[in-house]
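First the structure, then my questions, so here it is.
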Amino acid sequence: MKSLLTAQHEGTPLFVFEQKQPFESWLSKQTPFSQNWLKQISFSGNGLALIPNEQGELAQAIFIVDDASDFFACGDLIKKLPTGQYLLHADAKHQQAICFAWLIGAYTYTRYVTKSPNKQPLPILAVNDQTLVDSAIKYAEATALVRDLINTPAADMMPKNLGESAQTLADNFGGKLKQIIGDDLLNDNYPTIHAVGRASIHQPRLIDLSWGNKNHPKVTLVGKGVCFDSGGLDLKPSAGMRNMKKDMGGSAHVLGLAQLIMSHNLPINLRVLIPAVENAVSNNAMRPGDVLTTRSGLTVEIDNTDAEGRLVLCDALTEADQESPELIIDFATLTGAMRVALGTELPGFFSTCDDIATGITNAGGKISDPVWRMPLYQPYTDLFKSTIADMTNCSSTPFGGAITAALYLQKFVRKETNWVHFDVMAFNVRTLSGRPLGGEAFGIRAVFDYLQAKYK
Ligand code: BES
Ligand code: ZN
Ligand code: ZN
């Protein structure tokens, strides 16, 4: 991916314009030959046009988009241009978006494809700015990491594999990794992570990555790492289970976000906690009606074994909160209800702090990573009351399901903690520019840009 973007200043000129003004004034300065060519090919003033010289060689390319500040406007460009090196000409304020889209547009998941089609090498984009190149590579590589982790089938992305990915990340950036595996989760008091994961032959684990200077402000990321969610004894129907390899999407998001933080060397004392399990069916699976005592001491009656994400997250959140970090951010493919509320392409999030919520929303707006705040509407806590324990793991009604799930999690962070909870789809269900079907990162650029502005 890296080699597709370079800080050089040679190449076939590639002009990226927004419609109307810039294109028309550019056109008026072109040779009669080029103007005539564009007329001959009935160029509509939108999309790509390749312009030859009089020898029939490619002389320049123009790409016209509606909104060049959209980070995905040029998401298909790398696949449309012929092999070669192109030198970018675009408004300085659009170059970051174009470089990111160029790289991420090259993303494909090929691990299991044995017959690779005989394709021409992808073109290379040159921009005369090393900082821009480095930054685009970091954003694109973090996004690709998230996509790869999610796209990998569950059989090859079990808790052990997630642990290996976290280890690689720790090794690459000088972080430390600790893992609590199998029955050690019981010895170290992570009962809910163990209870959800114990039915699988793939042992559950808590992955614990730390990085950075201990004197810097502590930020802790928590990611749902359900490597496959069959639903447990409350088995999902086929259609609902089909894409549940993506149920470790939250953990993929926090690893991608951690990679952004570490590669930019943000002055943060970072901790990443990933409860990694498979929610499987077996004779020792947790049952509806069982009561678990969580790490925090609160007891939870299992109403539905498919509401397992909040169970693994609650013990991880308790551990995160016990250190009183400045900020806790979790990412999880937590509820279908959030998709009903906002659709698959807009991630919803909850926050105990208005300023942080506004900061993240505004940051996302600037980099085409939209996020939408949802309310922690307290009266709904009554919906997961239990008659025999402190609470149940699931509301008595599906209505407001994303809110009740978030309220369940909120029980495990103290009132004064700055906490942000993202409920993400982690998957593209339709193809959009630069976004193929399959695993996707939602909100990590928004959060990263917020953190970068806050902890410069
Ligand atoms: N992993 C699912 C949530 C999910 C489903 C996210 C589809 C994205 C797309 C989660 O563990 C789950 O099964 N949630 C249940 C909760 C219910 C039992 C209260 C749900 O959303 O139906
Ligand atoms: Zn589930
Ligand atoms: Zn799940």
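Quick test of your reading of the structure: Asp66 fulfils all but one of (1) in contact with a helix residue (DSSP H, G or I) (Cβ under 7 Å, 6 or more places away or on another chain); (2) loosely packed, with under 12 Cβ neighbours inside 10 Å. Name the failing condition by number.
In the conditions (1) in contact with a helix residue (DSSP H, G or I) (Cβ under 7 Å, 6 or more places away or on another chain); (2) loosely packed, with under 12 Cβ neighbours inside 10 Å, Asp66 misses (1) alone.
When you go through Asp306, Asp330, Asp390, Asp382 one by one, which is the residue that is within 16 Å of ligand 3 (Cβ to nearest atom), farther than 23 Å from Gln452 by Cα and at pLDDT 95 or above?
Testing whether each residue is within 16 Å of ligand 3 (Cβ to nearest atom), farther than 23 Å from Gln452 by Cα and at pLDDT 95 or above leaves just Asp306.
Now for a different question. Do we find that Ile98 is under 26 Å from the mean Cα position of the chain (by Cα), closer than 26 Å to Ala59 by Cβ and touching a residue at least 40 places away in the same chain (Cβ under 8 Å) in this structure?
yes
Now a separate question. How about region 135-149: which of its residues are out of contact with any Phe, Trp or Tyr (no Cβ under 7 Å at 6 or more places or on another chain) and either within 16 Å of Met244 (Cα to Cα) or in contact (Cβ under 8 Å) with a residue 40 or more places away in the chain (or both)?
Passing the criteria: Ile137, Lys138, Glu141, Ala142, Thr143, Leu145, Val146, Leu149.
Follow-up. Please determine whether any residue of region 180-199 is free of Cβ contacts under 8 Å to residues at least 40 places away in the same chain, out of contact with any Asp or Glu (no Cβ under 6 Å at 6 or more places or on another chain) and crowded, with 18+ Cβ neighbours inside 10 Å.
Checking region 180-199: at least one residue is free of Cβ contacts under 8 Å to residues at least 40 places away in the same chain, out of contact with any Asp or Glu (no Cβ under 6 Å at 6 or more places or on another chain) and crowded, with 18+ Cβ neighbours inside 10 Å.
Within region 93-150, how many residues are in contact with a Ser or Thr (Cβ under 8 Å, 6 or more places away or on another chain), more than 16 Å from Ile78 (Cβ to Cβ) and small (Gly, Ala, Ser)?
Total meeting the criteria: 2.
Sort through Thr12, Thr31 and tell me the only one that's touching a residue at least 40 places away in the same chain (Cβ under 8 Å), of a type in the set (Ser, Thr, Tyr) and open to solvent by 20 Å² or more (accessible area, probe 1.4 Å).
On inspection, the qualifying residue turns out to be Thr12.
Now a separate question. Filter region 69-94 down to the residues that are buried (at least 16 other Cβ atoms within 10 Å of the Cβ) and among the small types (Gly, Ala, Ser) and list them by number.
Of everything in region 69-94, those that are buried (at least 16 other Cβ atoms within 10 Å of the Cβ) and among the small types (Gly, Ala, Ser) turn out to be Ser69, Ala73, Gly75, Ala90.
Filter region 399-433 down to the residues that are within 25 Å of Met244 (Cβ to Cβ) and part of a loop (DSSP other than H, G, I, E, B) and list them by number.
Phe399, Gly400, Phe412, Val424, Met425, Ala426, Val429, Arg430, Thr431
Find the strands (runs of 3 or more DSSP E) located wholly in region 262-321 whose residues include 2 or more that are under 21 Å from Met244 (Cβ atoms), in contact with a helix residue (DSSP H, G or I) (Cβ under 7 Å, 6 or more places away or on another chain) and open to solvent by less than 30 Å² (accessible area, probe 1.4 Å), and list them.
Where strands (runs of 3 or more DSSP E) fall fully within region 262-321 and carry at least 2 residues being under 21 Å from Met244 (Cβ atoms), in contact with a helix residue (DSSP H, G or I) (Cβ under 7 Å, 6 or more places away or on another chain) and open to solvent by less than 30 Å² (accessible area, probe 1.4 Å), they are 269-279.
Of all residues in region 144-162, count the ones that are over 17 Å from Tyr112 (Cα atoms) and in contact with a Lys or Arg (Cβ under 6 Å, 6 or more places away or on another chain).
1
Filter region 322-355 down to the residues that are in a helix (DSSP H, G or I) and farther than 28 Å from Asp67 by Cα and list them by number.
Those that are in a helix (DSSP H, G or I) and farther than 28 Å from Asp67 by Cα: Gln322, Gly336, Ala337, Met338, Val340, Asp354, Asp355.
Here's a check for you: in region 241-257, which residue that is touching a residue at least 12 places away in the same chain (Cβ under 8 Å) and either open to solvent by 10 Å² or more (accessible area, probe 1.4 Å) or outside the structural domain of Ala426 (by TED's automatic domain parsing) (or both) is nearest to ligand 2 (Cβ to nearest atom)?
Checked region 241-257; the qualifying residue nearest to ligand 2 (Cβ to nearest atom) is Met244.
Of the conditions (1) in contact with a strand residue (DSSP E or B) (Cβ under 9 Å, 6 or more places away or on another chain); (2) under 30 Å from Tyr139 (Cα atoms); (3) in a loop (DSSP other than H, G, I, E, B); (4) not aromatic (Phe, Trp, Tyr), Thr358 satisfies every one except a single condition; which number is it?
Only one criterion in (1) in contact with a strand residue (DSSP E or B) (Cβ under 9 Å, 6 or more places away or on another chain); (2) under 30 Å from Tyr139 (Cα atoms); (3) in a loop (DSSP other than H, G, I, E, B); (4) not aromatic (Phe, Trp, Tyr) is unmet by Thr358, namely (3).
Conditions: (1) in a helix (DSSP H, G or I); (2) aromatic (Phe, Trp, Tyr); (3) under 18 Å from the mean Cα position of the chain (by Cα). Tyr107 meets all but one. Number of the miss?
Failed condition: (1).
The values are calculated or read from the model by the stated rules, or taken from the named source; none is laboratory data. Since the structure is predicted, the reported quantities are computational estimates derived from the model, not experimental observations. Don't worry about glycine lacking a Cβ; one is built from the backbone with ideal geometry, like all the others, and counts go over all protein chains shown. The accessibility values were calculated without ligands, DNA or RNA, using every heavy atom of the protein model including side chains. Shrake-Rupley method; radii C 1.70, N 1.55, O 1.52, S 1.80 Å.
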